[in-house]
Amino acid sequence: MSDHSHSTQPPATHAPVTRPGETTEVHGTVPHAHAAAAPAAHAAGHGGDHGGEHAHGGLGTYLMVFLALCVLTTMSFFTYSSAWPWRDQPQVGWAFMMAVSCTKAMLVVLFFMHVLWEANWKYVLTIPAAMMAVFLALMLVPDVGMRTRMVAQERALYMPRQSDVRLMERAAEAGNAERGGEAH
């Protein structure tokens, strides 16, 4: 058995709780609506004092995130330049651009959508959704990998094969060489 006489819990009331251990009801009277809303607004990071440092990082943080987004965008464009070292391997460029895109999306969500400063309930929403997204992507891998295994005959006639792609590349190179020879 437990002894309830030494409980530190406040007496049960029917007023809404604004802070742990406090209610909006003060000695039988309910304060004005603005006074009751102020603690809730302050707890959400939007207090009445907007002149000081904002609870969400301030202008400097937003400018740094903006600069990071600009640098990441420049890095994405770099994959199309002649200085890109893996020019003959497009999969490397695609993977790099996907990583950059995911990083940019994460920065936007965390800072500009204020998710970084949300309460811990954000994990209840985001972790299951992320797990489902990964699960669905993994479930598509067999379909993508075996998409040419069983196809209709008509589709098989018009599907490009690796040898066809090589022939087209050689023809394009020969056409470029002919045009280059005519210009000189």
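For residue 78, the shell of other residues with beta-carbons less than 15 Å away shows a net charge of +2, using +1 for Lys and Arg and -1 for Asp and Glu.
Could you tell me the calculated FRET efficiency between residue 110 and residue 148, based on Cβ-Cβ distance and R0 = 30 angstrom, to the nearest 0.05? Once the sixth-power term is evaluated, E becomes 0.15. Using a simple spin-label model with points 7 Å from Cα along the Cα→Cβ vector, what separation in nm is obtained for residue 71 and residue 92? In this crude spin-label approximation the distance works out to 2.3 nm.
Quick check of the Kirkwood formula: for region 65-128, what is the inverse mean of 1/r over all pairs of different Cα atoms, in Å?
After inverting the pairwise mean of 1/r, the radius is 13.5 Å.
Taken together, the values in this text are just the output of simple stated rules run on the coordinates, not laboratory data. The model shown is predicted, which means the values in this text are computed figures rather than measured ones. Don't worry about glycine lacking a Cβ; one is built from the backbone with ideal geometry, like all the others, and counts go over all protein chains shown.
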